[in-house]
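Below: the structure, in structure tokens.
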Amino acid sequence: MNSARIQSPGPTSRLSLAAGSDLAARAGGSALLEGEAGRLGIYPRLRTLSANSLVVAVLSPFIALTAGYVPRILLAIVILDIPFQFGTHLFYREVDAARGALGGLSISATTIALAGLYVSWFIRSQANRSSHARPSFHVNLPLLLYLAVTAISVAVAQDVGLSLFEVYLLLEACLVYFYVANNVRTRQDVLFVVSLLLIACLLESIAMILIKFNGMPATLWGAPTHVHIETDAKEGFMRVGGTVGSSNFAAAYLSISLASAASLLFTNLRRAHKWLAVAVLGLGGVALIFTFSRGGWMALALAVTVICLLVWSRRGFSLKTPTAVLLILGMLYLPFQSVISARLLGDDKGSAESRIPLMKLAFRIIEDNPVLGVGVNNFTVVMDRYLTPEFRHSFLFAVHNKYLLVFSETGIIGLLAFLAFLLDALRKGWQCWAFQDRLLSPLALGIAAGIAGHMVHMNVDVFRGRPTQQLVWLVAALLTAMHRMCAAPPDSPFNAT
């Protein structure tokens, strides 16, 4: 029987096994290296994707600011913030505010919106460097001079903090002016701004009427804004200032806005815009009556008279529209005839007479400080030094005359610059009216008439707050933009649709 023998592997077999093991090891190592290399290739892509996402996240707000609708939203916030004043005052000093000074640093929705508008403007200007597509920058020299003189007056101010409050507020108003004057370039832009001004006035008028009949809330519908009401138990009537401020400030806001609404009726716009103007005239007129501000009533009467007379004197305009404007205002007068007559002709308890001593006080301050004044927002700080026994029972407040206030605080140069700025706005409005444009000319006439009425009103009040100043600066900028459109050649960017 044959026995099986198991032979040990020879040298050749051992070599083959060794070679096979080595090849397997190499194959496994190669696969491992390929897998590791694959994983290492993913990481750079992930890092690149993460870096790109971070860049997009950082730049997306700036990209959004270049979109056409974003600047419009921000400008709408600026316009709506004029009457409703969404914001607060930092470092508020109640004692100074009670005497007529600007009592704090105003931080509002306008402040934030302006930052976005200027960033957007800068990005768009860098993206479009074409000199043809980019009009020249408008510079208002009287306004810049007024801002410079006001800032210089801080050097002579006894209370620098109070002065800086108003310098900042004036700077913000100037930023509103320069943005609107340089970025409102088409008729659609003008219509957008005017429509929002009227919508804001309509909403404020409704709020004032509701406040008149429904009580005295501290805020309006829980919003970060405050309601201003003055009550007189002896006279039995309540003066409503709404969210704008004092009743006189609210009346100034309404008189300018109502003049703009009246002028819109003379344009070639569609009925929707004219119905908006009629609603503003009706509800805004009632709200203006509830302010019981004689200065505001006279300002609107002057503005409407100027508009109607100039329209009547020009051919091509129907007499139906001026008649309709006067009819609307006349119908508003009839239900309130008794209270209006009592306010205009009755005893005002020395309200008008109390302004005379303040004017005498202002002239004393001006006599001692004719060049630089006493420093912006410092009238109430220094007035105690000029008091004599005759003021013992007088009403002590900032002088109720904007021109004397500017003169006493910033000197003669400040007053001349301030007047030059206002007169320049009137001049541009008149020139726009002379161009006989069916849209821009009537609007310019109404805005200029509103400013003229307000200039009369400034003889009897302080007008130091943000709403009236921001509104005047904004509509003055709008007059500048419309004037540039009317005077521009046909191929100018201002005539683009």
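The values are calculated or read from the model by the stated rules, or taken from the named source; none is laboratory data. In this text, all values refer to a predicted model and were calculated from it rather than measured experimentally. Cβ: placed from backbone, ideal geometry, glycine included. Neighbour counts: every protein chain shown. We work out accessible area using only protein heavy atoms, side chains counted, and drop any ligands, DNA or RNA first. Shrake-Rupley method; radii C 1.70, N 1.55, O 1.52, S 1.80 Å.
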- Query: Out of (1) under 26 Å from MET298 (Cα atoms); (2) not in a helix (DSSP H, G or I), the odd one out for ALA476 is which?
  - Reply: (2)
- Name the single residue, out of those in the range 377-415 being of a type in the set (Asp, Glu) and within 26 Å of ARG93 (Cβ to Cβ), that is modelled with the highest pLDDT. GLU409
- Item | Checking VAL190 against (1) more than 29 Å from ALA444 (Cβ to Cβ); (2) open to solvent by less than 50 Å² (accessible area, probe 1.4 Å); (3) modelled with pLDDT of 65 or more, the condition it does not meet | (1)
- Message: Just checking: which of the helices (runs of 4 or more DSSP H) contained wholly in the range 296-397 hold 3 or more residues that are among the aliphatic types (A, V, I, L, M) and surrounded by fewer than 18 Cβ atoms within 10 Å (Cβ to Cβ)?
- Response: 320-333, 337-345
- If ALA272 passes every condition in (1) surrounded by 24 or more Cβ atoms within 10 Å (Cβ to Cβ); (2) out of contact with any Leu (no Cβ under 9 Å at 6 or more places or on another chain) but one, which one does it miss? (1)
- Message: Show the residue pairs meeting these rules: Cβ distance below 6 Å; 6+ apart or different chains; first residue within the range 197-213 and polar (S, T, N, Q); second residue open to solvent by less than 30 Å² (accessible area, probe 1.4 Å).
- Response: SER205/GLY284; SER205/ALA287
- Query: All but one of (1) in contact with a Phe, Trp or Tyr (Cβ under 9 Å, 6 or more places away or on another chain); (2) at pLDDT 90 or above hold for ALA113; which doesn't?
  - Reply: (1)
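Can you tell me which residue among LEU283, LEU254, LEU309 is hydrophobic (A, V, I, L, M, F, W, C) and in contact (Cβ under 8 Å) with a residue 60 or more places away in the chain?
Numbers: LEU254 fails: in contact (Cβ under 8 Å) with a residue 60 or more places away in the chain; LEU309 fails: in contact (Cβ under 8 Å) with a residue 60 or more places away in the chain.
Within the list LEU283, LEU254, LEU309, the selection yields LEU283.
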- Message: If LEU258 satisfies all but one of (1) surrounded by 23 or more Cβ atoms within 10 Å (Cβ to Cβ); (2) out of contact with any His (no Cβ under 8 Å at 6 or more places or on another chain); (3) modelled with pLDDT under 95; (4) closer than 24 Å to VAL462 by Cβ, what's the number of the condition it fails?
- Response: (3)
- Message: Condition (residue is over 17 Å from the mean Cα position of the chain (by Cα) and surrounded by fewer than 19 Cβ atoms within 10 Å (Cβ to Cβ)) applied to the range 195-208: is it met by at least one residue?
- Response: yes
- Would you mind stating whether ALA449 is surrounded by 24 or more Cβ atoms within 10 Å (Cβ to Cβ) and under 23 Å from THR243 (Cα atoms)? no
- Query: Out of the range 416-440, which residues are surrounded by fewer than 24 Cβ atoms within 10 Å (Cβ to Cβ), at pLDDT 95 or above and not hydrophobic (A, V, I, L, M, F, W, C)?
  - Reply: ASP424, ARG427, LYS428, GLN431
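Condition check ((1) within 20 Å of the chain's Cα centre (by Cα); (2) assigned to a helix (DSSP H, G or I)) across all residues:
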position: LEU416; (1), (2): no, yes
position: LEU422; (1), (2): yes, yes
position: ASP437; (1), (2): no, no
position: HIS454; (1), (2): yes, yes
position: ASN459; (1), (2): no, yes
- Spot the failing condition for ARG464; the list is (1) within 30 Å of PHE397 (Cβ to Cβ); (2) at pLDDT below 95; (3) part of a helix (DSSP H, G or I), and only one is missed. (3)
